[in-house]
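J.: Take this structure, written in structure tokens, and hold onto it; I'll ask about it next.
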Amino acid sequence: MGRITAPFGPQHPVLPEPLHLNITYEDEKVVDLSPAIGYVHRGLEKLAETKEYPQNVFLVERVCGICSFMHAMTYSMGIEELMGIKIPPRAKYLRVFYSEISRIHSHLLWLGLFADAFGFENLFMQYWAAREKIVDLMELTGGHRVILSSCAIGGIRRDLSEEQIKIAETTLMHVKHELERINPIIMKDYTVKKRTVGKGILTKDDAIKYGAVGPVLRASGVAQDIRQLGYAAYGDLGFEPIVETDCDSYARGVVRVKESYQSIELALEALYRLPEGEAAVKVKGNPDGETLMRVEQPRGEVLYYIKANGSKNLERLRIRTPTFAHVPGLLKMLPGCNMADVPVIVLSIDPCISCTER
Amino acid sequence: MATMIPNVISNLTRRPQTRLYPFEVRQPPLGARGHIDFDMEKCIFCSLCAKRCPADAIKVDRKGKTLTFEPLHCIVCEACIEGCAKDAITLYEQWRSPVTELYSKIYTPL
């Protein structure tokens, strides 16, 4: 049987971003692949060295459009640790609220794109209609629809009023009801299962070996969630990571479906238990020293290394985003699958190439 | 796909999820970051806003008393509003309308 090597991406109808996979096929089966990235490098890490450290909050938000708040939060947490700043309890709960609505937004966006990947456009529209409510909520609370700019070093810049809290609670309950209507379709539908069950297997051992993170790791049976470290107010809220043991594309979808419910619960819990008081403290001085900060993003663990030298500018900012950890996993998921399953399996890791390349 | 049939039928009678833009324009919520504007009666050209701006959208000539603002570079982060000692910058909820060419606004003392 002859072998052919054909590129998948960087321009491909199913890919929102330019991931390039050189795939070798034998007949219609994938036998080998080599991933390549480097099409959307923006040099944000270098740019961060030229900006002053409070300005970098807005810069790191632009690493990823979807989990922008969590990038700002991770960076702020790092600087706060270096400067010994203790943020008020209200800011901690607000950070949980903003993080969780970002997570719901990301998961709904992905579930829509996933449905679109196997040609289920009606479902795609249903998910994005539900997501629109969350985006409206983000605009009401944070001011922007996607890039919130509500996190700052020392706390939160956008405190919530009583009225906003009520609207947020109503919206989250509405989205929960919408998801209860839509989710059974992706969980039980015959055609969805036909395209996802048993495809793109990443076993538990391989997931650990290839350094998978987030929902991909949890779908392979490893109960690891960085939120368990208890940053922001997660330590007080308490939750159990969602784990699936099937290790396939379907399991990765189920993890995200269940996590979107969990995120709604966590966001509501944070609002119910929101303490009174200030939402931010004033920051004076410059950071000095180095730190490593980890936060659970919708796609998995993000890692920030910050090195400061006591001046307004940072010496080094290093960001490792979750998709960077997921790309090696594709080397295990794809070989052996059919050519037609490649888009679905690639989408199952929720690739975000712009944040990977920064 | 059969599970979607009730949904497809209900869609025949339901209102569309989208708006008939531009005939029906959505009003931005209170506190939305639309655009910013400068009040030249209050501005003293201290350039604090320009120093804080992460997008380098504001440039201040302190000697020449001119403030150049590039609305298309502005990310409406409110850093300038927080930094302004004279409350000369205001946030408006209305979004800036799309344009086809880059432009800048030049402010001089009234």
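The values are calculated or read from the model by the stated rules, or taken from the named source; none is laboratory data. The structure presented is a predicted model; accordingly, all values stated were derived computationally and were not measured. No Cβ is skipped: glycine too gets one built from the backbone with ideal geometry, and neighbour counts run over all protein chains shown.
J.: Among the residues of segment B:89-110, count how many are over 21 Å from B:L30 (Cβ atoms), in a loop (DSSP other than H, G, I, E, B) and within 16 Å of the chain's Cα centre (by Cα). Write out each step before concluding.
T.: Narrowing segment B:89-110 to residues over 21 Å from B:L30 (Cβ atoms): B:98-110.
Next, only the ones that are in a loop (DSSP other than H, G, I, E, B) stay: B:98-104, B:108-110.
Within this subset, residues satisfying the condition of being within 16 Å of the chain's Cα centre (by Cα) are B:98-99, B:102-104.
Final tally of qualifying residues: 5.
J.: For segment B:8-31, indicate whether the set of residues that are part of a helix (DSSP H, G or I), more than 21 Å from B:S97 (Cα to Cα) and at the interface with another protein chain (Cβ under 8 Å from one of its Cβ atoms) is non-empty. Working first, answer last.
T.: Going residue by residue through segment B:8-31, those that are part of a helix (DSSP H, G or I) are B:8-13.
Adding the requirement that they be more than 21 Å from B:S97 (Cα to Cα) leaves B:8-13.
Still in the list and also at the interface with another protein chain (Cβ under 8 Å from one of its Cβ atoms): B:8.
Checked against the condition, which is being part of a helix (DSSP H, G or I), more than 21 Å from B:S97 (Cα to Cα) and at the interface with another protein chain (Cβ under 8 Å from one of its Cβ atoms), segment B:8-31 yields at least one hit.
J.: For segment A:60-76, check the following and say yes or no: at least one residue is of a type in the set (V, I, T), touching a residue at least 12 places away in the same chain (Cβ under 8 Å), within 14 Å of chain B (Cβ to nearest Cβ) and surrounded by 18 or more Cβ atoms within 10 Å (Cβ to Cβ).
T.: Initially, segment A:60-76 is screened for residues of a type in the set (V, I, T), giving A:60, A:63, A:66, A:74.
Applying the additional criterion that residues be touching a residue at least 12 places away in the same chain (Cβ under 8 Å) yields A:60, A:63, A:66, A:74.
Now drop any that are not within 14 Å of chain B (Cβ to nearest Cβ), which leaves A:60, A:63.
Still in the running and surrounded by 18 or more Cβ atoms within 10 Å (Cβ to Cβ): A:60, A:63.
Yes, segment A:60-76 contains at least one residue that is of a type in the set (V, I, T), touching a residue at least 12 places away in the same chain (Cβ under 8 Å), within 14 Å of chain B (Cβ to nearest Cβ) and surrounded by 18 or more Cβ atoms within 10 Å (Cβ to Cβ).
Each row is one residue, and each column tells you yes or no for (1) within 14 Å of another protein chain (Cβ to nearest Cβ); (2) of a type in the set (F, W, Y).
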site: A:I186; (1), (2): yes, no
site: A:T196; (1), (2): no, no
site: A:S220; (1), (2): no, no
site: A:I226; (1), (2): no, no
site: A:F239; (1), (2): no, yes
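J.: Conditions: (1) under 22 Å from A:E100 (Cβ atoms); (2) among the acidic types (D, E); (3) at pLDDT below 90. A:D246 meets all but one. Number of the miss?
T.: With (1) under 22 Å from A:E100 (Cβ atoms); (2) among the acidic types (D, E); (3) at pLDDT below 90 applied to A:D246, the lone miss is (1).
Matching residues to (1) within 24 Å of A:T141 (Cβ to Cβ); (2) in contact with a Phe, Trp or Tyr (Cβ under 7 Å, 6 or more places away or on another chain); (3) of a type in the set (S, T, N, Q); (4) exposed (fewer than 12 other Cβ atoms within 10 Å of the Cβ):
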{"residue": "B:T13", "(1), (2), (3), (4)": "no, no, yes, yes"}
{"residue": "B:P22", "(1), (2), (3), (4)": "no, no, no, yes"}
{"residue": "B:R26", "(1), (2), (3), (4)": "yes, no, no, yes"}
{"residue": "B:A32", "(1), (2), (3), (4)": "yes, no, no, no"}
{"residue": "B:H35", "(1), (2), (3), (4)": "yes, yes, no, no"}
{"residue": "B:E41", "(1), (2), (3), (4)": "no, no, no, yes"}
{"residue": "B:I44", "(1), (2), (3), (4)": "no, no, no, no"}
{"residue": "B:A50", "(1), (2), (3), (4)": "no, no, no, no"}
{"residue": "B:A55", "(1), (2), (3), (4)": "yes, no, no, no"}
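J.: Does A:E290 satisfy being part of a loop (DSSP other than H, G, I, E, B), more than 26 Å from A:G200 (Cβ to Cβ) and not β-branched (V, I, T)?
T.: On the way: part of a loop (DSSP other than H, G, I, E, B): no; more than 26 Å from A:G200 (Cβ to Cβ): yes; not β-branched (V, I, T): yes.
No: the conditions fail for A:E290.
J.: Would you be able to say whether some residue in segment A:323-342 is touching a Phe, Trp or Tyr at 6+ places or on another chain (Cβ under 7 Å), touching a residue at least 12 places away in the same chain (Cβ under 8 Å) and not in a helix (DSSP H, G or I)?
T.: So in segment A:323-342, the residues touching a Phe, Trp or Tyr at 6+ places or on another chain (Cβ under 7 Å) come out as A:328-329, A:332, A:339, A:342.
Next cut, touching a residue at least 12 places away in the same chain (Cβ under 8 Å) only: A:328-329, A:332, A:339, A:342.
Subsequent filtering for residues that are not in a helix (DSSP H, G or I) retains none.
Checked segment A:323-342: no residue is touching a Phe, Trp or Tyr at 6+ places or on another chain (Cβ under 7 Å), touching a residue at least 12 places away in the same chain (Cβ under 8 Å) and not in a helix (DSSP H, G or I).
J.: Filter segment A:168-184 down to residues that are surrounded by 17 or more Cβ atoms within 10 Å (Cβ to Cβ) and facing another protein chain (nearest Cβ under 10 Å), then give me how many there are.
T.: So the count comes out to 1.
J.: Hey, among the residues in segment A:120-149 that are part of a loop (DSSP other than H, G, I, E, B) and at the interface with chain B (Cβ under 10 Å from one of its Cβ atoms), which one's farthest from the chain's Cα centre (by Cα)?
T.: The extreme case among them is A:F120.
J.: Tell me, which helices (runs of 4 or more DSSP H) wholly within segment A:178-224 include 1 or more residues that are under 19 Å from the mean Cα position of the chain (by Cα)? Break it down stepwise before answering.
T.: Working: elements: A:190-196, A:204-209, A:214-219.
By residue number, A:204-209, A:214-219.
J.: Identify, from the list B:K86, B:K63, the residue that is more than 23 Å from A:H144 (Cα to Cα), charged (D, E, K, R), more than 14 Å from every other protein chain (Cβ to nearest Cβ) and surrounded by 10 or more Cβ atoms within 10 Å (Cβ to Cβ). Show your work before the answer.
T.: On the way: B:K63 fails: surrounded by 10 or more Cβ atoms within 10 Å (Cβ to Cβ).
Just one listed residue meets the conditions, B:K86.
J.: Among residues belonging to segment A:301-331 that are polar (S, T, N, Q) and surrounded by fewer than 24 Cβ atoms within 10 Å (Cβ to Cβ), point out the one that is farthest from A:I226 (Cα to Cα). Walk me through how you get there before you give the answer.
T.: Just the residues of segment A:301-331 that are polar (S, T, N, Q), to begin with: A:309, A:311, A:313, A:321, A:323.
Narrowing further to those that are surrounded by fewer than 24 Cβ atoms within 10 Å (Cβ to Cβ): A:309, A:311, A:313.
Numbers: A:N309: 28, A:S311: 31, A:N313: 28 Å.
The selected residue is A:S311.
J.: Next up: Which residue is nearest to the other protein chains (Cβ to nearest Cβ), if the candidates are limited to segment B:32-50 and must be charged (D, E, K, R) and within 19 Å of the chain's Cα centre (by Cα)?
T.: Restricting attention to segment B:32-50, the residues satisfying the condition of being charged (D, E, K, R) are B:33, B:37, B:39, B:41-42.
If we keep only those that are within 19 Å of the chain's Cα centre (by Cα) too, we end up with B:33, B:37, B:39.
On the way: B:R33: 4, B:D37: 16, B:D39: 20 Å.
The extreme case among them is B:R33.
Conditions tested, residue by residue: (1) in contact with a Ser or Thr (Cβ under 7 Å, 6 or more places away or on another chain); (2) farther than 22 Å from A:Y231 by Cα; (3) modelled with pLDDT of 90 or more; (4) hydrophobic (A, V, I, L, M, F, W, C).
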residue: A:S106; (1), (2), (3), (4): no, no, yes, no
residue: A:G119; (1), (2), (3), (4): no, yes, no, no
residue: A:L137; (1), (2), (3), (4): yes, yes, yes, yes
residue: A:G142; (1), (2), (3), (4): yes, no, no, no
residue: A:G154; (1), (2), (3), (4): no, no, no, no
residue: A:L160; (1), (2), (3), (4): yes, no, no, yes
residue: A:K166; (1), (2), (3), (4): no, yes, yes, no
residue: A:H174; (1), (2), (3), (4): no, yes, yes, no
residue: A:R181; (1), (2), (3), (4): no, yes, no, no
